Each structure stands twice: as structure tokens, then as C-alpha cells.
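The structure appears below as C-alpha cells.
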Amino acid sequence: MRCGICGSGRLSPVGELTSSDSMQKRLRLRFPRPGALKARPTFHAGFARACRDCGALLPFLGEEERRRLDAEAEGLAAAEGGPADPDSEPRDAR
């Protein structure tokens, strides 16, 4: 595994990722609502590695959250204002 910022292979071991001292305040990956009455799909990023060269933090999902994301991935929409994904085709492509 390499750092996504500088390309270094000098990453820390996996650590627990929290946004405060409370376990309820973990970092979340959230997507727009799939419908008016449906909850926003949310996934908790509970783990991370840090690059020992540039200091970038590389958060990731635990196995249970990753499986849930994989199961729901086809129905997720991109957040508005986010960067464009050049590898994906527009959903309206005909």
C-alpha cells in the first residue's frame, strides 16, 4: 500500500480513527438521500494509516462497513459539489 498523496510506502500500522474522545464521534462517509423519505446512506470510517513522510491521513472502512458499502454501491449518488470522476460515465448517457 502506498500513500495516495506522495506515493511513499512508509505508512504507519492501522490505527483506530475517531474525531474526538467519544466512540460515537467517528468520521463518516455520507451520500445524498436515495429518496425523499429514505435516510442518507452513511458509512463509518473507523480505521486509518498515516504516511510517515508527508503526514497524510488515509482513512478507511472496517470490514462490516465495507461489505455494507459494496452491497449498496450501485444505488449511491455522488455528493453535489464534489470532484468529477473522469472514469465514470454520466448516468444519462444514451
Exercise. Using 1/(1 + (r/R0)^6) with R0 = 25 angstrom and r between the beta carbons of GLU80 and SER8, what's the FRET efficiency to the nearest 0.05?
Worked result: 0.15
Exercise. For the range 6-18, what does the Karplus curve 6.51 cos²θ - 1.76 cosθ + 1.60, with θ = phi - 60°, yield as ³J(HN,Hα) per residue in whole Hz, taken in order and with x for Gly and Pro?
Worked result: 10, x, 5, x, 8, 9, 6, x, 5, x, 6, 10, 9
Exercise. Packing-wise, with mean Cβ within 10 Å as the measure, how do 52-59, 10-17 rank, highest first?
Worked result: 52-59, 10-17
Exercise. Say R0 is 25 Å: what FRET efficiency, to the nearest 0.05, do ARG40 and MET1 get from their beta-carbon distance?
Worked result: 0.30
Exercise. Helix 63-72 sits at what angle to the longest principal axis of the chain, using alpha carbons and giving 0 to 90 degrees rounded to 10?
Worked result: 20
Seminar exercise, completed: The set of residues whose placed amide H lies less than 5 Å from the amide H of ARG26, leaving out same-chain residues fewer than 5 positions away, is SER19
Exercise. What number, rounded to the nearest 500 deg cm²/dmol, is the helix-based mean residue ellipticity at 222 nm of the chain, given -39500 (n - 2.57) per DSSP H run of at least four residues and division by all its residues?
Worked result: -3000 deg cm²/dmol
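Only the coordinates and a few stated rules stand behind these numbers; no lab work does. Everything numeric here is computed off the predicted structure, so don't read it as measured data. FYI the Cβ positions are ideal-geometry reconstructions off the backbone, even for glycines, and counts take in every protein chain you see.
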